């Protein structure tokens, strides 16, 4: 399992390295650097569902830091996250928690919930532990290693449970028919990595289609974000600077699947 996950991450990292954008220069670079430095010094999420959440350092695990601090990260999901928060979950299971963006954010927004954060990366778990501690929610967030199908099958579900999953294509193997059956009373939000395996989204939609109500959300291309996302910090900045600040580095349009209890 660990070997599989590591291999998937290497594939994604290789893609990003092959497709780096040219470096900014001159006045454009100065404008970019000024805001970049400001965000990196403040280390506080400025907008979005987790506005006010603090980062212990200028590090993110496996994703872009600046969009998270700006508040634009996965903006496509913001209405859905706000909707899910209204459900008042007792437990949130975060599979692939990285540095703790969703684990900490959901703990802050759901002050009575227990959050169970999983990641196979030692670095990610250490960052997540620091982040939940800084934000005062460490007592309600447990940071653990690998989440397996058995983990989800045997997890006690006495109340309302939400599963959030971003695990670099391992979702294809994590969500089995037995897991689906165990999660019939739970809501599940999955980022589907079809660029690593094109069968993932169709397979998961078929798996959850009868047991849950399904909603799909498509990611927005980074170029479209640069053209259309509107934040006070971006006013007056040229599109190439906006692009560098907003880009999340997805190799293609991706899809999230929300499977809700019927």
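FYI, it's all coordinate maths here, none of it is from the lab. Owing to the predicted nature of the structure, the values given are computational and were not obtained by experimental measurement.
Remarks
- Helical runs (DSSP H, four residues minimum) scored at -39500 (n - 2.57) apiece and divided by the length of the chain put the mean residue ellipticity at 222 nm at -12000 deg cm²/dmol.
- Within the stretch 2-261, the proportion of C-alpha pairs whose separation exceeds 33 Å stands at 17%.
- DSSP beta bridges fully contained in the stretch 2-261 are about 40 percent antiparallel.
- Across 74, 59, 38, mean-square fluctuation computed from a Gaussian network of the chain (C-alpha pairs under 10 Å connected) peaks at 38.
- Most mobile listed residue (49, 177, 232) in the chain, GNM with C-alpha springs under 10 Å: 232
- Contact order normalised by residue count of the chain, Cα under 8 Å, 6+ apart, percent: 19 percent
- Under a Gaussian network description of the chain, with springs only between Cα atoms under 10 Å, the residue in 62, 139, 105 that fluctuates furthest is 139.
- Degrees, to the nearest 10: 122-134 long Cα axis against longest axis of the chain: 80 degrees
- Length, then width, then depth: along the principal axes, the Cα atoms of the stretch 94-244 run 52, 39, 27 Å.
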